[in-house]
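Worksheet: the structure to be examined is printed underneath.
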Amino acid sequence: MMEMAQLLADGFAVALQPLNVGLVVLGVVLGLFIGAMPGLGSVNGVAILLPMTFLVPPTGAMIFLAAIYYGAMYGGAISSIMLGIPGASTAVATTFDGRPLAMQGKADQALVAAAVASFVGGTISVVLFTGFAPPLAAVALAFGSPEEFALMMLAFATFVGLSGDDIPKTLFSIFIGLALSAVGLDIVSGEPRLIFFDIPGFFHGINFLVLAIGIYGIGEILWTLETSKGDVQISQATVNVQRLIASFRKLKDSIKEIVLGSFLGYFVGILPAAGATPGSLMAYGVAKTMSKNPESFGKGNLSGVAAPESANNAASTGSMLPMLTLGIPGSPTTAILLGGMVIWGLEPGPMLFVEQKEFVWGLIASLYVANVFALLVNVAFIPAFIWVLRMPFAILAPMIFILCVVGGYAPTQDMHDVWLMLLFGVVGYLLRKLDYPMAPAVLAIVLGPLAEASMRQSLLIAHGSPAIFFTRPIAGSIMVVAIILLLLPLLKRVHRAWKGAPA
Amino acid sequence: MNRAEPVMAVIMALCSIGLMVKSAELPVGWIPDEGPGGGAFPFWLGAGMLVCCIWTFVKWLRGRSPYSGSDKPYMDRQTLMLFVTAAGSLTVMIGLIHFIGVYFAVPALLVFYVRFVGRHSWWLTAALAAATPVVTFFFFEIALRITLPKGHTEPMFYPLYDMFL
């Protein structure tokens with residue numbers, strides 16, 4: 001315990017360096033704006049801006065991106081409340097009561113509730129994170145390649161079992177992501193592999209950023225163009241100090257929902273396929289069930305804004321837990337962060353806690369700092385965010401395209417990658433129209449190289465017998481859970497058929 | 001939507017077969033003392049993709065796909081126009097980078113979008129078209145030392161290099 005406090009104190013020393021504080025503030029502000037824009041969320045912001053972080057050292061870069069992640073979670077609520085359109089899918093539940101409140105002229109109350117609930121959710125989850133991460137990392141240190149492979153199977157299985165998307169389409173997305181990661185040189189023999197049409201650009205492989213920016217930058221804009229054709233109605237918000245204080249007072253009644261949402265969000269956030277969106281929906285559902293007058297939900301109940309907002313922030317911290325301790329991202333955004341760590345020369349996984357103490361604890365401490373700044377900036381600049389919601393799409397779209405093109409070019413400095421990114425963006429959009437989920441593919445391309453290496457190593461140890469994944473205790477238990485998750489949709493269907501059958 | 005579902009499944013199935021064929025250029029079987037061959041991993045992934053495509057197709061045949069019998073068009077006229085404008089202008093811009101470089105292709109895209117699609121004033125258009133490449137230059141070339149492609153406009157930048165680098 002004392003040791004952890006010491007490490008956290010050292011972390012604060014890193015996080016409070018002037019450069020890092022500046023990066024936190026910049027990241028939070030950018031994140032708030034990105035989150036506030038309809039259609040753009042944390043994953044888009046992190047994917048598009050990752051190439052810009054080559055300017056600062058890895059710790060600073062990670063702190064900056066984590067701050068964007070946080071800020072975007074706060075910001076998503078702004079367009080949910082003011083426009084009735086979720087700023088990101090994670091803020092869907094916030095529209096249920098946020099929009100009615102805004103229509104009643106209580107937009108400021110809803111915005112303050114969202115900001116404070118996000119702060120509480122963020123802080124509770126960071127405290128949980130601080131407590132859970134070191135022991136989990138210590139356990140993970142004993143993992144060999146069969147355990148690593150089993151963990152990755154578990155991550156993919158959560159998409160099949162829990163995401164609720166079409167199963168063949170989810171599996172297809174996972175497979176294609178893994179296959180794209182196999183392009184380049186074979187890791188064992190060093191032979192060129194999957195060099196399509198003998199184009200030399202494929203020799204250096206497909207950088208995960210090319211897929212991530214293609215899908216979350218270009219594809220997202222195409223998607224938003226299609227979905228936002230209609231006019232949007234911005235609600236009016238009156239903001240002054242007196243009303244702000246009154247809003248804070250009103251929050252007393254929602255404390256229970258906020259705390260509950262924080263815990264729920266954190267634990268749901270740890271699961272790769274679940275994360276902030278289902279976490280916040282669940283928190284909303286629980287708050288409604290527990291309420292004395294559930295019928296007031298959906299008509300402008302402040303707890304209906306506070307519960308999902310505390311949950312989605314808590315979930316974003318939760319998703320960082322498996323990323324830092326196990327090297328398995330808990331969300332698409334953390335998948336991109338993980339890919340970024342590889343670019344910066346850090347090896348994700350439990351060894352980080354041994355070899356890169358400064359990085360890990362600096363990041364954890366920066367999450368505390370980011371929370372405080374996000375709350376302050378959010379409340380102070382509410383009018384500015386409302387202004388940004390009016391940003392015409394004809395300016396936003398080309399700006400994002402430009403960021404995507406230069407950002408896609410920067411890591412490898414090869415025009416081949418820019419073309420590939422365009423291809424992924426367009427194909428991704430066309431597939432998404434038919435409900436092919438995109439997040440599994442992004443997770444898969446990041447995990448792909450590790451998945452292949454751990455599988456081949458394990459099979460080599462076992463002389464080709466896949467039994468190795470089941471006979472070792474830890475790997476075996478993880479695999480069993482993964483298989484249960486894979487079979488979950490089937491079990492549900494059997495259960496339904498059984499119940500539906502006449503007695 | 002009803003027709004788009006099987007068409008997409010067939011296209012993706014063809015891509016999966018292509019991937020399997022391409023993977024088979026490397027050994028896909030077991031190599032003694034070396035483990036699985038270099039092509040095995042992508043080969044079996046391709047096989048998995050193919051199975052998923054067939055699965056989707058069969059689901060559609062049996063009327064179990066969410067789009068079975070849907071008469072909603074995959075893309076209505078308005079969406080198609082938006083898509084062609086956005087994806088088309090981006091394609092042209094990336095193509096232009098090869099000839100006139102980033103610093104001229106970027107303003108070209110901005111002028112097209114802000115002025116002709118968004119119908120904003122020439123003042124705003126000019127301000128954005130002028131400021132964006134300047135900011136990009138200072139961020140990438142000066143701060144990050146990453147040279148962006150300039151095509152035939154490279155010689156125009158020699159004086160700037162002399163000044164800042």
Practice item. Considering only the range B:37-46, state which residues are more than 7 Å from chain A (Cβ to nearest Cβ) and within 25 Å of the chain's Cα centre (by Cα). Key: B:43
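Which is of a type in the set (A, V, I, L, M) and touching an Asp or Glu at 6+ places or on another chain (Cβ under 9 Å), of A:73, A:52, A:2? Break it down into steps so the answer makes sense when it comes.
Working: A:52 fails: touching an Asp or Glu at 6+ places or on another chain (Cβ under 9 Å); A:2 fails: touching an Asp or Glu at 6+ places or on another chain (Cβ under 9 Å).
Selected residue: A:73, the only one of A:73, A:52, A:2 that is of a type in the set (A, V, I, L, M) and touching an Asp or Glu at 6+ places or on another chain (Cβ under 9 Å).
Is at least one residue of the range B:47-62 part of a loop (DSSP other than H, G, I, E, B), surrounded by 18 or more Cβ atoms within 10 Å (Cβ to Cβ) and facing another protein chain (nearest Cβ under 8 Å)?
no
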Exercise for review: Could you grab the pairs with beta carbons closer than 9 Å, sequence gap of 6+ or different chains, first residue in the range A:364-382 and more than 18 Å from residue A:65 (Cα to Cα), second one of a type in the set (D, E, K, R)?
Suggested key: A:382/A:108
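Which residue, of B:84, B:111, is surrounded by 13 or more Cβ atoms within 10 Å (Cβ to Cβ) and either in contact (Cβ under 8 Å) with a residue 24 or more places away in the chain or closer than 23 Å to residue A:218 by Cβ (or both)? Spell out how you get there, then give the answer.
Details: B:84 fails: surrounded by 13 or more Cβ atoms within 10 Å (Cβ to Cβ).
Sole residue among the options that is surrounded by 13 or more Cβ atoms within 10 Å (Cβ to Cβ) and either in contact (Cβ under 8 Å) with a residue 24 or more places away in the chain or closer than 23 Å to residue A:218 by Cβ (or both): B:111.
Of these, A:71, A:84, which one is at pLDDT below 85 and of a type outside the set (Ser, Thr, Tyr)?
Details: A:71 fails: at pLDDT below 85.
None of the other options fit; the residue is A:84.
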Check your understanding: When you go through (1) surrounded by fewer than 17 Cβ atoms within 10 Å (Cβ to Cβ); (2) more than 9 Å from every other protein chain (Cβ to nearest Cβ); (3) outside any helix (DSSP H, G or I) one by one for residue A:437, which number turns out not to apply?
Key -> (1)
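Considering only the range A:58-87, how many residues are among the small types (Gly, Ala, Ser) and open to solvent by 10 Å² or more (accessible area, probe 1.4 Å)?
Qualifying residue count for the region: 1.
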Review point. Can you find a residue in the range A:423-433 that is open to solvent by less than 10 Å² (accessible area, probe 1.4 Å), at the interface with chain B (Cβ under 7 Å from one of its Cβ atoms) and either part of a helix (DSSP H, G or I) or over 30 Å from residue B:150 (Cα atoms) (or both)?
Key: no
Point to revise | Within the range A:1-54, tally of residues that are touching a residue at least 12 places away in the same chain (Cβ under 8 Å) and among the polar types (S, T, N, Q) | key: 4
Review point. With (1) under 21 Å from the mean Cα position of the chain (by Cα); (2) within 10 Å of another protein chain (Cβ to nearest Cβ); (3) open to solvent by 70 Å² or more (accessible area, probe 1.4 Å); (4) not acidic (Asp, Glu) as the list, and residue B:79 as the residue in question, which single condition is left unmet?
Key: (3)
Practice item. Please determine, by comparing only the residues of the range A:88-117 that are among the small types (Gly, Ala, Ser), over 18 Å from the mean Cα position of the chain (by Cα) and open to solvent by less than 10 Å² (accessible area, probe 1.4 Å), which one is nearest to residue A:22 (Cα to Cα). Key: A:115
Review point. Do we find that residue A:359 is closer than 30 Å to residue B:137 by Cβ, in a helix (DSSP H, G or I) and open to solvent by less than 10 Å² (accessible area, probe 1.4 Å) in this structure?
Key: no
Check your understanding: Restricting attention to the range A:10-57, which residues are of a type in the set (Gly, Ala, Ser) and surrounded by fewer than 20 Cβ atoms within 10 Å (Cβ to Cβ)?
Key -> A:13, A:22
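The values are calculated or read from the model by the stated rules, or taken from the named source; none is laboratory data. Please read these numbers as outputs of a predicted model, since none were measured by experiment. Here Cβ is always computed from backbone atoms with ideal geometry, including for glycine, and neighbour counts include all displayed protein chains. For the accessible areas, the whole protein counts, side chains as well, though only heavy atoms, and no ligand, DNA or RNA atoms are used. Shrake-Rupley method; radii C 1.70, N 1.55, O 1.52, S 1.80 Å.
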